[in-house]
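Heads up: the structure comes next, in structure tokens.
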Amino acid sequence: MNLFDDILSILFPQRCHICKGHLGEHEKFICQKCIDTLPYTMYHRILFNPVEQRFAGIIRFERATSLLTYTRNSDTAKIIHDFKYREFPSLATHMGVIMAKELYTSGFFNDIDCIIPVPLHFIKRIKRGYNQSYMLAKGVASVIDCHVADNLYARRHHSTQTAKNRYERWQNTTDTFCVKRPNQLEGKHILLIDDVCTTGATLIAATQAILKIPNTKISILTLAATPQ
């Protein structure tokens, strides 16, 4: 750290996004105490875990998991709110790194060929300035040394899912996604990444678009999932 950075850290100390305490010298965005007490699901250690149960019988997939439990006003919700709505895209990348390191030794990433983040429609991406799922994917990719592909795109805008019930979410995501340059994905095992899994409607729609490509396989990873 140079003198200028030292002065900045004194005048504008970085604070944890969860507890708001000052971050230590080697801490970024979230202090270690708060990281240690996050609501980890441990789903990657459970056979046919609750996230996989949401997709079973609906889409063909290899494996699926989520790192954290998401409930309203939880620490998980604070993190996601900050990187989606308070312009902290690097926080999403940092959480992607944490997610990948937590899952790495479980074998979850075995034989993954590329990562595809669930895309935003270009109008929404322009308004937000970035796609938080892409930032998560960048963090994961940096740990597992994997390419982040942009072949999946949202061909129509859909309204926010937050206040919708299960049926309305299904309707809202029907025929949302398409694949460009599909030949690039033929025969590959693709890791689909998003921020939160609720009903799974968005992830199902994205997976259905990708599985139209011959000989593709899909695994699904989200930072968080709501309780069933």
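The values are calculated or read from the model by the stated rules, or taken from the named source; none is laboratory data. Being a predicted model, the structure only gives us computed values, none of them experimental. Virtual Cβ from ideal backbone geometry, glycine too; neighbours counted across all protein chains shown. Accessible surface is based on the protein model in full, side chains and every heavy atom, while ligands, DNA and RNA are left aside. Shrake-Rupley method; radii C 1.70, N 1.55, O 1.52, S 1.80 Å.
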Checklist line | Förster radius 30 Å - calculated FRET efficiency between Glu27 and Gln228 (Cβ-Cβ, nearest 0.05) | finding: 0.35
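Could you sort the peptides 197-208, 85-96 by per-residue average Cβ neighbour count (10 Å cutoff), highest mean leading?
Numbers: 197-208: 22.6, 85-96: 19.2.
Per-residue mean Cβ counts within 10 Å order the peptides as 197-208, 85-96.
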Notebook entry, point to check: Once the other residues with Cβ under 9 Å from the Cβ of Phe61 are scored (Lys, Arg +1; Asp, Glu -1), what is the net sum?
Noted result: +1
Notebook entry, point to check: Simple spin-label model, 7 Å along Cα-to-Cβ: Tyr40 to His81 in nm?
Noted result: 2.5 nm
Check: Which label marks the calculated value of volume of the Cα convex hull per residue in Å³, given the options (i) 119; (ii) 153; (iii) 137?
Finding: (iii)
Margin query: Which residues among the stretch 65-101 fall inside the zone where the amide N is under 14 Å from a point 7 Å beyond the Cα of His147, along Cα→Cβ?
Written below: none
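Return the calculated 222 nm mean residue ellipticity for the chain, to the nearest 500 deg cm²/dmol, obtained by summing -39500 (n - 2.57) across DSSP H runs with n ≥ 4 and dividing by the residue count. Numbers along the way, then the final one.
Numbers: 9 runs with 84 residues, N = 228.
Estimated from H runs of four or more residues: -10500 deg cm²/dmol.
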Check: If amide H atoms are built 1.01 Å from N in the plane of the peptide, which residues on other chains or at least 5 residues away come under 5 Å of the amide H of Arg155?
Finding: Phe177, Cys178
Next item on the list: Mind telling me which of Lys33, Lys78, Lys138 comes out most flexible in a GNM of the chain, alpha-carbon contacts under 10 Å?
Entry: Lys33
Check: What is the extension gain from Asn183 to Phe122, computed as 0.36 nm multiplied by their sequence separation minus the C-alpha to C-alpha distance, in nm to one decimal?
Finding: 19.7 nm
Next item on the list: Would you mind telling me the share, in percent, of accessible area of the stretch 5-148 contributed by carbon and sulfur at probe 1.4 angstrom?
Entry: 52 percent
Check: Using modelled backbone amide H atoms (1.01 Å from N, in-plane), which distant-in-sequence or interchain residues come within less than 5 Å of Lys217's amide H?
Finding: Lys188, His189, Ile190
Margin query: If you count only protein heavy atoms with a 1.4 Å probe, what accessible area per residue comes out for the chain, rounded to a whole Å²?
Written below: 52 Å²
Notebook entry, point to check: Over the stretch 14-115, what is the mean sequence separation of C-alpha contacts under 8 Å (at least six apart), divided by residue count, expressed as relative contact order in percent?
Noted result: 23 percent
Check: Which pairs break 22 Å Cα to Cα here: Lys124/Lys180; Lys33/Lys127; Lys127/Lys212; Lys28/Lys84; Lys188/Lys212?
Finding: Lys33/Lys127; Lys127/Lys212
Margin query: In whole Hz and in residue order, list the ³J(HN,Hα) couplings for the stretch 181-195 that follow from phi through the Karplus curve 6.51 cos²θ - 1.76 cosθ + 1.60, θ = phi - 60°; x for Gly and Pro.
Written below: 6, x, 4, 5, 9, 4, x, 9, 9, 9, 9, 8, 10, 9, 7
